[in-house]
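Chemist: So that we are looking at the same thing, I have put the structure below in structure tokens.
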Ligand code: LLP
């Protein structure tokens with residue numbers, strides 16, 4: 001739950017000091033709510049664990065988890081850098097006048113994205129040799145005289161224990177440079193004056209519940225940094241360890257505390273680089289996405305039809321897989337409560353499978369929730385701050401809901417709700433159908 005979650009005297013969930021009944025009434029449902037205090041608390045914990053890293057460490061928010069201009073403003077305020085992966089994310093950062101460091105990721109960057117990186121002095125996390133070659137060509141077409149700072153993403157060969165779709169460090173990953181090709185790529189970087197090679201990057205995957213894979217990847221890096229310094233007489237000054245720390249979606253999830261995660265990374269860096277191998281310590285960056293914003297998010301739905309079959313009870317809500325595609329995509333589990341009756345009436349408790357309104361049987365939000373619910377009630381689904389808005393769709397031609405930021409009794413839109421006009425705006429009728 002968000003750190004600001006409380007239950008009012010009237011038995012209603014409040015977030016950021018605002019009643020969820022009021023939020024649902026004023027902004028409509030479905031509704032994505034983001035709690036600023038929770039994001040700020042997470043940021044403080046992440047920074048606290050990195051604070052004593054001797055060579056300096058910068059947390060960079062992985063914008064793919066949740067990005068809009070208000071979020072960019074908040075990330076800037078937190079003093080974080082920002083990871084982007086598309087022209088849309090770059091333009092969002094620029095529109096919000098982001099001041100910090102921006103890293104451009106992606107396994108298939110367009111020329112337009114790379115050109116924007118050169119123009120706006122973004123750092124480029126190269127996924128392959130072709131990224132670098134395009135970058136050099138684009139440089140030659142600009143007035144820019146300073147090199148672009150580059151990190152090389154490697155495939156570290158680490159198989160994270162998580163859903164197959166969100167593993168990225170295993171040997172057959174589509175992301176990164178295989179270690180067998182790394183020396184050639186480093187040699188290329190060192191020979192090009194428009195590239196300033198900062199160091200290496202790896203992201204092993206997402207929703208990690210264990211510290212060990214992060215320690216393993218640091219050992220892999222330390223070996224490579226040692227070899228690079230011998231082979232090329234070049235000391236890589238920076239290292240990026242990626243993101244990936246998991247959060248709790250249901251009571252049985254036991255995630256690592258954020259500060260413990262970053263402190264462990266920081267300590268392991270010192271041990272693997274300095275103590276074990278006598279190497280100079282590179283400066284460090286990490287890229288949390290989910291663990292910065294995930295718990296800050298709550299989705300509100302209104303209960304509609306309730307159907308009791310012999311084998312199962314269905315409670316339908318007014319959203320579903322279009323605003324939260326994670327259950328159908330990753331079989332992700334969530335926690336549900338009745339926001340306007342937080343303390344249930346024991347005698348009314350029943351097992352309900354919460355389903356969305358979309359035309360697929362797989363549109364299930366929570367299986368078997370114990371709820372005291374009736375039509376018109378508000379259902380709160382917790383930990384929807386990451387990869388919900390950012391992965392939402394217009395399936396069944398429904399408009400995306402609003403997203404509201406809450407803090408200290410205030411609630412304001414971060415993202416306005418789409419309307420059917422927005423859906424129709426891009427439609428065109430080819431002449432022969434007119
Ligand atoms: N850095 C890179 C290069 C990444 O690809 C990602 C996530 C992150 C950082 C942030 O990872 P996080 O801290 O959020 O785990 N849609 C999936 C998650 C996909 C993650 C993609 N990359 C989901 O809903 O679980």
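Chemist: If you take the residues in the stretch 290-328 that are in a loop (DSSP other than H, G, I, E, B) and buried (at least 24 other Cβ atoms within 10 Å of the Cβ), which one is nearest to the ligand (Cβ to nearest atom)?
Modeler: If we filter the stretch 290-328 for residues that are in a loop (DSSP other than H, G, I, E, B), which is where we start, we get 294-296, 309-312, 318-325.
Checking the rest, the ones that are also buried (at least 24 other Cβ atoms within 10 Å of the Cβ) come to 294-296, 319-321, 323-324.
Values: 294: 8, 295: 12, 296: 13, 319: 17, 320: 16, 321: 13, 323: 13, 324: 10 Å.
Within the stretch 290-328, the match that is nearest to the ligand (Cβ to nearest atom) is 294.
Chemist: Just to be sure I understand, how many residues within the stretch 401-434 are surrounded by fewer than 21 Cβ atoms within 10 Å (Cβ to Cβ) and in a loop (DSSP other than H, G, I, E, B)?
Modeler: Final tally of qualifying residues: 12.
Chemist: OK, next. Which ones in the stretch 113-131 are in a helix (DSSP H, G or I) and either out of contact with any helix residue (DSSP H, G or I) (no Cβ under 6 Å at 6 or more places or on another chain) or at positive phi (or both)?
Modeler: 117, 119, 120, 130, 131
Chemist: What do you reckon, is residue 171 more than 16 Å from the ligand (Cβ to nearest atom) and either at pLDDT below 95 or outside the structural domain of residue 298 (by TED's automatic domain parsing) (or both)?
Modeler: Yes, satisfied.
Chemist: Go through the stretch 225-255 and report how many residues are away from the ligand (no atom under 16 Å from the Cβ) and either in contact with a strand residue (DSSP E or B) (Cβ under 6 Å, 6 or more places away or on another chain) or touching a residue at least 12 places away in the same chain (Cβ under 8 Å) (or both).
Modeler: Step one: of the stretch 225-255, the residues away from the ligand (no atom under 16 Å from the Cβ) are 225-237, 251-252, 254.
Subset that is either in contact with a strand residue (DSSP E or B) (Cβ under 6 Å, 6 or more places away or on another chain) or touching a residue at least 12 places away in the same chain (Cβ under 8 Å) (or both): 225-226, 228-229, 231-232, 234-237, 251, 254.
Residues in the stretch 225-255 being away from the ligand (no atom under 16 Å from the Cβ) and either in contact with a strand residue (DSSP E or B) (Cβ under 6 Å, 6 or more places away or on another chain) or touching a residue at least 12 places away in the same chain (Cβ under 8 Å) (or both): 12 in total.
Chemist: How many residues does the stretch 367-399 contain that are within 16 Å of the ligand (Cβ to nearest atom) and surrounded by 14 or more Cβ atoms within 10 Å (Cβ to Cβ)?
Modeler: Within the stretch 367-399, residues that are within 16 Å of the ligand (Cβ to nearest atom) and surrounded by 14 or more Cβ atoms within 10 Å (Cβ to Cβ) number 12.
Chemist: Restricting to the stretch 411-434, what's the tally of residues that are in contact with a helix residue (DSSP H, G or I) (Cβ under 9 Å, 6 or more places away or on another chain) and under 20 Å from residue 26 (Cβ atoms)?
Modeler: 6
Chemist: Which condition from (1) surrounded by fewer than 21 Cβ atoms within 10 Å (Cβ to Cβ); (2) in a loop (DSSP other than H, G, I, E, B) is the one that residue 274 breaks?
Modeler: Unmet for residue 274, out of (1) surrounded by fewer than 21 Cβ atoms within 10 Å (Cβ to Cβ); (2) in a loop (DSSP other than H, G, I, E, B): (2).
Chemist: Separate question: Kindly provide the set of residues from the stretch 92-105 that are surrounded by fewer than 20 Cβ atoms within 10 Å (Cβ to Cβ) and part of a loop (DSSP other than H, G, I, E, B), ordered by number.
Modeler: Once the filter is applied, which keeps residues that are surrounded by fewer than 20 Cβ atoms within 10 Å (Cβ to Cβ) and part of a loop (DSSP other than H, G, I, E, B), the stretch 92-105 yields 96, 97, 99, 100, 101.
Chemist: I've got another one for you. Against the definition (touching a helix residue (DSSP H, G or I) at 6+ places or on another chain (Cβ under 6 Å) and either within 30 Å of residue 384 (Cβ to Cβ) or assigned by TED's automatic domain parsing to the domain that holds residue 126 (or both)), how does residue 217 come out, yes or no? I'd like the intermediate steps shown before the answer.
Modeler: On the way: touching a helix residue (DSSP H, G or I) at 6+ places or on another chain (Cβ under 6 Å): no; either within 30 Å of residue 384 (Cβ to Cβ) or assigned by TED's automatic domain parsing to the domain that holds residue 126 (or both): yes.
Criteria not met by residue 217.
Chemist: Any residue at all in the stretch 347-356 that is more than 16 Å from the ligand (Cβ to nearest atom), assigned by TED's automatic domain parsing to the domain that holds residue 397, modelled with pLDDT of 95 or more and in a loop (DSSP other than H, G, I, E, B)? Give the derivation first.
Modeler: The first filter runs over the stretch 347-356 and keeps only residues more than 16 Å from the ligand (Cβ to nearest atom), leaving 347-356.
From what's left, assigned by TED's automatic domain parsing to the domain that holds residue 397: 347-356.
Restricting the remaining residues to those that are modelled with pLDDT of 95 or more gives 347-356.
Checking which are in a loop (DSSP other than H, G, I, E, B) leaves us with 349, 356.
Yes: the stretch 347-356 contains one or more residues that are more than 16 Å from the ligand (Cβ to nearest atom), assigned by TED's automatic domain parsing to the domain that holds residue 397, modelled with pLDDT of 95 or more and in a loop (DSSP other than H, G, I, E, B).
Chemist: Could you tell me which numbered condition residue 203 fails, if it satisfies all but one of (1) outside any helix (DSSP H, G or I); (2) farther than 26 Å from residue 58 by Cα; (3) within 14 Å of the ligand (Cβ to nearest atom)?
Modeler: Only one criterion is unmet by residue 203, namely (2).
Chemist: Please go through the stretch 222-268 and give me each residue that is within 16 Å of residue 283 (Cβ to Cβ) and not in a helix (DSSP H, G or I), ordered by number.
Modeler: If the condition is that a residue be within 16 Å of residue 283 (Cβ to Cβ) and not in a helix (DSSP H, G or I), then 234, 235, 236, 237, 238, 239, 240, 241, 242 are the ones that fit.
Chemist: Checking the conditions here, which among 142, 110 is farther than 18 Å from residue 199 by Cβ, in contact with a helix residue (DSSP H, G or I) (Cβ under 6 Å, 6 or more places away or on another chain), surrounded by fewer than 19 Cβ atoms within 10 Å (Cβ to Cβ) and assigned by TED's automatic domain parsing to the domain that holds residue 246?
Modeler: 142
Chemist: Can you confirm whether the stretch 139-157 contains a residue that is at pLDDT below 95, in a loop (DSSP other than H, G, I, E, B) and within 14 Å of the ligand (Cβ to nearest atom)?
Modeler: yes
Chemist: Assuming residue 197 fulfils every condition listed in (1) crowded, with 24+ Cβ neighbours inside 10 Å; (2) within 16 Å of the ligand (Cβ to nearest atom); (3) not in a loop (DSSP other than H, G, I, E, B) apart from one, which condition is it?
Modeler: Here residue 197 meets the rest and fails (2).
The values are calculated or read from the model by the stated rules, or taken from the named source; none is laboratory data. Please read all numbers here as calculations on a predicted model, not as lab measurements. Reconstructed Cβ throughout: ideal geometry from the backbone, glycine too, with neighbour counts over all protein chains shown.
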